[in-house]
1. Which shape class, rounded, prolate or oblate, goes with segment 136-180 when its Cα gyration tensor gives a ≥ b ≥ c as root eigenvalues, a/c under 1.5 marks rounded, and past that a/b bigger than b/c marks prolate?
2. Quote the FRET efficiency, to the nearest 0.05, computed for LYS184 versus ASP93 with a Förster distance R0 of 22 Å and r equal to the Cβ-Cβ distance.
3. How far, in nm, would the chain grow between ALA123 and GLN15 when pulled straight, counting 0.36 nm per residue and subtracting the alpha carbon separation?
4. Could you tell me whether segment 80-125 comes out rounded, prolate or oblate from its Cα gyration tensor? Rule is a ≥ b ≥ c as square roots of the eigenvalues, rounded for a/c under 1.5, then prolate if a/b exceeds b/c, otherwise oblate.
Amino acid sequence: MASNEKRAQKKREKQKKKRDEARKVRGSRKPPEPQAGERVDRGLKGADAWPIGECYLSEDWHEQGARVHAGFVREADDGRRAAAFFEVDLRRDGVVECLARGGVSLGAIQGEMARRSELSGKAMLVAEPDLVVKLVHTGYELTRSAGNPLPDGLDEAMGLFGTLDGSTAAEAILTGDPPPPPPKKKTLFGLLFGD
């Protein structure tokens, strides 16, 4: 019996060694982990600017006077990312909150989008980068015209846009109070019975 146990133990050790070697190989293929606290503007250095990644807007961005969440991402070929997130009140306050981070992971970006969706009750949709920029610039102008203080870090966050200015986005950003709801239509039942 002792020889059977020794053979089984050697077999387990051999399998463990193979698994450990496989883990080492898989680990060497992983992209470099993002460096927390990396500067946001790192993705904008001249000709080496990182390409724009997926950008996001709340599903109600097109409604007049909506309170919209937006996300703008730049992503390097090696997986490093810089992202800026905004909350914009299109009714009158403009940009009320912003957050910009360098060295963020894809999971952190997805987590932030999920948090904002849950907070607002509106899904976050992938949007054209120039539309996101146009919406944030519109919010910036609303903030200034209302005389509200600009959120901390707004210049750094908007700096991630680089040369984009929103001018190629054809969609209109509707600001101001939303229109009043249409009057309730009378139904035949309501007309007959005074409801």
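Bear in mind these aren't lab numbers, they're just calculated from the coordinates by the rules spelled out. It should be emphasised that the depicted structure is a prediction, and the values quoted were computed from it without experimental measurement. Virtual Cβ from ideal backbone geometry, glycine too; neighbours counted across all protein chains shown.
1. Because a/c hits 1.5 or more and a/b fails to exceed b/c, segment 136-180 counts as oblate.
2. 0.15
3. 34.3 nm
4. It comes out oblate by the Cα gyration axes.
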